[in-house]
1. Only one of (1) more than 13 Å from the ligand (Cβ to nearest atom); (2) open to solvent by 50 Å² or more (accessible area, probe 1.4 Å) is not met by ILE24, so which one is it?
2. Looking at the range 98-111, can you tell me whether even one residue there is in a strand (DSSP E or B), touching a Pro at 6+ places or on another chain (Cβ under 6 Å) and away from the ligand (no atom under 16 Å from the Cβ)?
3. If ALA53 satisfies all but one of (1) exposed (fewer than 14 other Cβ atoms within 10 Å of the Cβ); (2) in a loop (DSSP other than H, G, I, E, B), what's the number of the condition it fails?
4. Hey, among VAL256, VAL182, which residue is of a type in the set (Val, Ile, Thr), within 20 Å of LEU79 (Cβ to Cβ) and in a helix (DSSP H, G or I)?
5. Which residue pairs have Cβ atoms closer than 9 Å, lie 6 or more positions apart in sequence or on different chains, and pair a first residue in the range 81-109 that is open to solvent by 30 Å² or more (accessible area, probe 1.4 Å) with a second residue that is among the basic types (Lys, Arg)?
6. Hey, could you check the range 184-233 for residues that are more than 14 Å from the chain's Cα centre (by Cα) and among the polar types (S, T, N, Q) and say which is farthest from the ligand (Cβ to nearest atom)?
7. Of the numbered conditions (1) over 30 Å from SER32 (Cβ atoms); (2) touching a Gly at 6+ places or on another chain (Cβ under 9 Å), PHE131 fails exactly one; give the number of that condition.
Amino acid sequence: MNSAGRFAPSPSGELHVGNLRTAILAWLFARSTGRTFLLRVEDLDRARSGAEAGQLGDLQAVGVTWDGDVVRQTARGPLYAGAISRLEAAGLTYECFCTRREIQEAPSAPHAPQGAYPGTCRNLDTAELEFKRSTRPAAIRLRADTAEYTVRDLLHGEFTGVVDDFVLRRNDGVTAYNLAVVVDDAEQGIDQVVRGDDLLPSTPRQAYLASLLGIPSPEYAHVPLVVNSDGARLAKRDGAVTLRDLADAGSPPAAVRDRLLESLGLPAGPLGNALAAFAPDALPREPWVWGGP
Ligand code: GLU
């Protein structure tokens, strides 16, 4: 079996320095452990025309290279449908007709963790099901038999988080991220997942789902985010944060790359220099505050 790491951007706009820093880290983790490095475009949702080409160009401009062809989630519908069918056949799914509003307003089940789906549609009888089917299209949810699951993370250690009856396929037919990411990582031979630590809370759901599908969980490393001066996750509205903006402000991509490497305590220059010095244990564990161009 192939052993691989990956970067999996959503092509919703331009990458900013936070995304690029995470991509560099994912590349370093993979290359320093002899893994191949794959690029997957997560375009099921929020895809903006032209964004993918810009993102790939920006990754290359900071030295992040990948093996093989770019994989796009929109080309993989049958794989996701196959996984959902397997779960359905095992009695591990149900149809859900709730609107977002209904979920927010529903009394939460006793002992249910904050934000967990309250289980409204979990046990509908045939008549209720038939009626609801006539009102709106169904989403497909996982019938989870646990409320939490524990994962191991290279930077966070053991992390236990909420598992609820999360959505596998939305009611507009789009595969949910939590299902797609698990199916894709397994199918692509990805056994190391390095990504921003904003995704750590979703990880127990994904690892639990992987266990139900008989897939071994990958090794995880959730890396600190880049934040603005208010401590909030960096966003486009924080000014010059993309390679294009920064080039306009006088910092070419190589200078941005060097600044990102410096923020990680790694030597400047082509990523090969950083690779030689890379030690996951020595990485900063705090968010990095972006000080502007
Ligand atoms: N596509 C997700 C994002 O750009 C990343 C998902 C992942 O790395 O698992 O936030």
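1. (2)
2. Pass one, the range 98-111, residues in a strand (DSSP E or B): none.
No - not one qualifying residue is present in the range 98-111.
3. Unmet condition: (2).
4. Numbers: VAL256 fails: within 20 Å of LEU79 (Cβ to Cβ).
The conditions single out VAL182.
5. ALA81/ARG169; GLY91/ARG143; LEU92/ARG86; LEU92/ARG143; GLU95/LYS132; GLU95/ARG133; GLU95/ARG141; THR99/ARG136
6. Ranking the qualifying residues of the range 184-233, first place goes to SER229.
7. Of the numbered conditions (1) over 30 Å from SER32 (Cβ atoms); (2) touching a Gly at 6+ places or on another chain (Cβ under 9 Å), the odd one out for PHE131 is (2).
Matching residues to (1) open to solvent by less than 30 Å² (accessible area, probe 1.4 Å); (2) of a type in the set (Asp, Glu); (3) farther than 18 Å from VAL62 by Cα:
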site	(1), (2), (3)
ALA210	yes, no, yes
GLU219	no, yes, yes
HIS222	yes, no, yes
ALA232	no, no, yes
LEU243	yes, no, no
PRO252	no, no, no
ARG257	no, no, no
GLY265	no, no, no
ALA268	no, no, no
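The values are calculated or read from the model by the stated rules, or taken from the named source; none is laboratory data. Keep in mind that what you see is a predicted model, and the values were worked out from it rather than measured. Ideal geometry is used to build each Cβ from the backbone, glycine not excepted, and the neighbour counts take in all protein chains shown. Only protein heavy atoms, including side chains, enter the accessible area calculation; ligands, DNA and RNA are left aside. Shrake-Rupley method; radii C 1.70, N 1.55, O 1.52, S 1.80 Å.
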